[in-house]
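I have placed the structure first, in the form of structure tokens, so that the comments after it can refer back to it.
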Amino acid sequence: MAEARTYRRWVEAGDLVAFNVTVRETDLHIRASADLSKEALRAVKKYRAILEIYIKRHPQFLTSLKPVAVASDAPEMVAAMSRAAERVGVGPMATVAGAIAEFVGQDLLAFSPEVIVENGGDIYLKSLRERVVAIYAGRSPLTGKIGLKVKAAATPLGICTSSGTVGHSLSYGQADAAVVLAESASLADAAATAIGNRVVNADDIPRAIEFAQTIGDLVGVVIVKDDRVGAWGGVELCQLSV
């Protein structure tokens, strides 16, 4: 994961205070108006406990590669994960990184008007100014060459990435990066997984974008495979030199 973590310096947010919070598998890089390490740690522990207790009672939530229905009284984060997974036909844990980033970020907004929470390449962003987020696509020659401009009015926003060539997350595809923007980071994470699963080679990009268009509630999508890129929706790409 050391290679993948290099993207952490690619979020344009030098005006904010940066800090990390790690609890077991959860490793967050956060930027806010002040060092909110204590508040973030409290939030991470809270949401991890919620998820761990639910999984202990319903172990299929952890292991299933297909959507899992939950009861109407399920915890809010668990319900959000289940809904997102159902929308795109993946297992609920395909949403976990985006969900943790989103729910921790929402808690931190009580202490800071701007928050960026990055969790394994999945981002929850609330900003008062335009930000540029570079796209990390592993060994693709486009890595570090293209980014997303995100206007303040478009936030809060989830920006989640799935890759079949970077990291250890399960993917049935070989996309260098399938990036999804959505108001819900849980949905963005699930959709990125489902879209990335459909890209084995660059010729699959149009088909994957057609699938993305059927999901609903997505702001936009960017897919990178080798030296080719496809985009759809409300995304503004820009050239970078990282």
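We did not get these values from a lab; they are worked out from the coordinates using the rules stated. Just so you know, these numbers come straight off a predicted model, no measurement behind them. Please note: Cβ atoms are built from the backbone with ideal geometry, for glycine as well, and neighbour counts cover all protein chains shown.
Figures for the structure shown
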{"item": "Test item: Cα-centred dipole of region 4-239, Lys/Arg +1 and Asp/Glu -1 on Cβ, debye", "result": "380"}
{"item": "Estimated inter-spin distance, residue 106 and residue 236, nm [label 7 Å along Cα→Cβ]", "result": "2.7"}
{"item": "Anisotropy class of region 59-188 from Cα gyration tensor, a/c 1.5 cut", "result": "oblate"}
{"item": "Proximal lysines to residue 225, defined as alpha-carbon separation beneath 25 angstrom and excluding residues fewer than eight positions away on the same chain", "result": "145, 149"}
{"item": "Residue 25-residue 73 FRET efficiency (beta carbon distance; Förster radius 25 Å; 0.05 resolution)", "result": "0.40"}
{"item": "Placed amide H near residue 219: partners under 5 Å, 5+ positions off or other chain", "result": "181, 182, 183"}
{"item": "Partners for residue 45 among lysines (Cα-Cα distance below 23 Å; same-chain residues under 8 apart left out)", "result": "56, 126"}
{"item": "Lys/Arg +1, Asp/Glu -1 at C-beta; the chain dipole; positive extreme among 146, 219, 37", "result": "37"}
{"item": "Under the span-like rule (Cα at least 20 Å along the axis, Kyte-Doolittle mean at least -0.5), DSSP H helices of the chain", "result": "37-57"}
{"item": "Within-10-Å neighbourhood charge of residue 178 [Cβ basis; K, R +1; D, E -1]", "result": "+1"}
{"item": "Per-residue [θ]222 nm for the chain (sum of -39500 (n - 2.57) over DSSP H runs n ≥ 4, rounded to 500)", "result": "-9000 deg cm²/dmol"}
